[in-house]
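Taking it in order: structure first as structure tokens, then the write-up.
What follows is calculated from the coordinates using simple rules that are stated; it is not laboratory data. The structure presented is a predicted model; accordingly, all values stated were derived computationally and were not measured. Here Cβ is always computed from backbone atoms with ideal geometry, including for glycine, and neighbour counts include all displayed protein chains.
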Amino acid sequence: MKRRNFLSIVGARAGLAAVPIFLPSHTTQVIAQSVLGNAKPLAPFSQAPFSHPQAWAEKLITAAEGQIGQTIRYDGSYARLDYPGGDIPRDVGVCTDVIIRAYRDAFNVDLQKQVHQDMRKNFAAYPKIWGLKRTEKNIDHRRVPNLEQFFNRRKARVKISNDAKDYLPGNMITSRLPGNLPHIAIVTQRPNADANRPLIVHNIGAGTRLEDGLFDYKIVGHYHYNPTA
């Protein structure tokens, strides 16, 4: 039996309950993390990349990896944000914040604004999981199901497969953790120790980390969102 580590994931008013979940030990293992207070993009691994990233994807991944050592805690508590460009302090966040910050840092693309504007015009197309009757610019973009629908509407969805080679650098995956908790991560070009799948950047409960967790949970969404195209 695999050793399992215990994490408590909290998402008050963000669509997630305070649910303790068990995660595979290799998921919670830090593959690489920069020193707090001196965060910077990770140096290239000595081995060849799992697959070669396009220029835009490399930029996105660098922005995501730059959060390692900065975002060191998971906290999904509701917060009032500026608009546009709103964010909570960088030392905390949830899985969606990794995505939001990466697109802002890499391309000055504000998913808070984009999701809010699309939901205002097409509110009926978005999930009604939270019982809202109108948009909520403080939290809508930080909810995985809303990002899934936003990327669907941008025709960014690509096929889901069991072949690691289909998951290209810069792609995003969404999954459902125990308790049907939604999760999102960015695929990198970095290979795992066995060189049979790429590492992902995400925050699954202990801050932004680079980990071997592509197939830890059933993938329900696979997206290729290149804002420079």
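Report the full-extension gain for the segment Asp87 to Trp130: residue separation times 0.36 nm, less the Cα-Cα distance, to one decimal in nm.
Contour length minus the Cα-Cα distance gives 13.4 nm.
Cross-link partners among aspartates and glutamates for Lys137, C-alpha distance below 17 Å, same-chain residues fewer than 8 apart left out?
Output for Lys137: Asp82, Asp87, Asp97, Asp110, Asp118, Glu148.
So, in nm, how far is label Arg120 from label Ala55 when the simple model puts each one 7 Å beyond its Cα toward the Cβ?
Each label point lies 7 Å from its Cα, and together they span 3.3 nm.
log₁₀ I(q)/I(0) of region 129-196 at q = 0.21, 0.22 Å⁻¹, via Debye over equal Cα point scatterers, no solvent, to two decimals?
So the normalised log intensities work out to -1.04, -1.11.
Using the structure shown, list the pairs from Lys121/Lys218; Lys133/Lys159; Lys155/Lys218; Lys121/Lys165 with a Cα-Cα distance above 29 Å, or answer none.
Working: Lys121/Lys218 31 Å; Lys133/Lys159 32 Å; Lys155/Lys218 22 Å; Lys121/Lys165 37 Å.
Long pairs (Cα-Cα over 29 Å): Lys121/Lys218; Lys133/Lys159; Lys121/Lys165.
How big is Rg to Rh over region 73-229, alpha-carbon atoms, Rh as the Kirkwood inverse-mean-distance radius?
Details: Rg = 15.1 Å, Rh = 16.0 Å.
Taking Rh as the inverse mean 1/r over Cα pairs, Rg/Rh reads 0.94.
Residue separation times 0.36 nm, minus the C-alpha to C-alpha distance between Asn196 and Arg157: what's the value? Write down the numbers at each step before the final one.
On the way: separation 39, 0.36 × 39 = 14.04 nm, distance 2.34 nm.
The Asn196-Arg157 span can extend by a further 11.7 nm.
Ranked by Cβ crowding within 10 angstrom, fewest neighbours first, how are Arg197, Arg142, Arg190 ordered? If you can, show how the numbers build up before the last one.
On the way: Arg197 18, Arg142 29, Arg190 23.
Taking fewest neighbouring Cβ atoms as first place, the list is Arg197, Arg190, Arg142.
Give the distance, in whole Å, between the Cα centre of region 160-190 and the Cα centre of region 95-150.
Rounded to whole Å, the Cα centres lie 19 Å apart.
Go through 213-224, 72-83, 92-103 and give me the packing order, highest mean Cβ count within 10 Å leading. Please report the intermediate quantities before stating the final value.
On the way: 213-224: 18.5, 72-83: 15.5, 92-103: 24.1.
So the peptides 213-224, 72-83, 92-103, ranked by packing, come out 92-103, 213-224, 72-83.
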